[in-house]
Amino acid sequence: MKRNRIAIILVIILGSLSFWFIINNRKGTIKETLRDFAVADTAAVDKIFLADKLGNAVTLERNPKGGWTVNGKYQVRMDAMKTLLETMKKVDIKEPVGKKAQDNIVKQLAADAVRCEIYSRGELIKAYYVGSQTQDMTGTYMILMDPETMKPSAKPFITYIPGFEGYLTTRYFTEEKLWRDRTIMQYVPTDIKSVKLEVPDRPEFGYELKVNGNNDYTVTMLSGKKLENIDPLSVKQYLSYFQQINFESLDMAMTQQEIDSTLKSTPINILTVTDNAGKVNRIRFFARKPKKEDMISPEGKPVKFDLDRMNALLESTNDFVMVQYYVFGKVMPPAGYFTKKDSGAGEKPKS
């Protein structure tokens, strides 16, 4: 009986000591809300604001009809949006920044961190600064802000996503161009009225495909000759390629002077798609310089042009972008494709 009493007293003492330690430990740290970076319900998030110290800023807003917009102007790349929301949901504290390094990290965050504000139903629910990566590239420096006062907490943390090997900085980018959806064409095949391909250097290769009705198609060379024996299956396959066509990137590596010079040159091809409502989508394609001036073709000759990519001007938005031959070759075949099983791709500039 005496042993049981001693055991009970020991349990009470240890429990009291544990409670005292927890309470006092919490008193010596910031409040719990300034330790929690994650947003549990990202489905309720309807606006995200990101800004850096260079003056770049983006506002990402959920569209009630689906998708997101950036700065109220463009549709957002859903792959990037999905990654950001997933990061906001799973981000966790790896460890606090050590006392000796705290001052330096706070200075770094003040100098080059990205400010992130997360909203739901018009209310700010989370705000923090995203800094650079740790030396081992497996953590990211972050510091939370109090949503009520908008003041940073006193303590930065090293954050991570459990199970992910890497850092998170690059997911919080602030350039509007990088957030933009890269869709150029997105047609239901039955919505297309006509497709015209022009080849300025070799006009005899240009043609126009017209959809007259169900299984009724005509292909006319721009020289005036109408092709015979059109294969409806080939045409249907071709029109299906227009359901989702994207550009690779906005060509930010080129200066405005280089872009202007390119636009004054002769296009490789000009592709025009007209839908049943009469809306025209016209794209001009231009050769790109090779990645390296000393590149050699398989035939052993110096390469004058990039054989994998070309530039394009999207006339509907006036955007100058970089595209792949692999993507666009299938929508710029020779006219013979529609009369026989010839899957040859659009011609590249001769090197």
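Here are some notes:
- The gain in end-to-end length when the K100 to D41 segment is fully stretched comes to 17.7 nm, 0.36 nm per residue minus the alpha carbon separation.
- Computed lengthening from T183 to A51, 0.36 nm per intervening residue step minus Cα-Cα distance: 45.0 nm
- Taking a sphere under 13 Å around the Cβ of V70 and counting the other residues whose Cβ falls inside, with K and R at +1 and D and E at -1, yields a net charge of +3.
- Cross-link pairs K126/K155; K264/K304; K53/K100; K193/K330; K90/K155; K82/K289 - those with Cα-Cα distance over 28 Å: K82/K289
- Long-range Cα-Cα pairs in the stretch 32-179 (distance over 20 Å), rounded percent: 45
- Cα gyration tensor shape of the stretch 32-88, rounded if a/c is under 1.5, else prolate or oblate by comparing a/b with b/c: oblate
- Ranking V76, T138, L50 by Cα position along the charge dipole of the stretch 32-179, where only Lys, Arg, Asp and Glu carry charges on their C-beta atoms, puts V76 farthest toward the positive end.
- Net charge, A127 excluded, C-beta distance under 11 Å - Lys, Arg +1, Asp, Glu -1: 0
- Note on T83/R282: beta-carbon distance plugged into 1/(1 + (r/R0)^6) with R0 of 25 Å gives a FRET efficiency of 0.15.
- Overall form of the stretch 183-338 per C-alpha gyration tensor (a/c, 1.5; a/b vs b/c): prolate
Values in this text are rule-based calculations from the coordinates and carry no lab data. All of these numbers come straight from a predicted model, not from anything done at the bench. Glycine also receives a Cβ, built like all others from the backbone with ideal geometry; neighbour counts cover every protein chain displayed.
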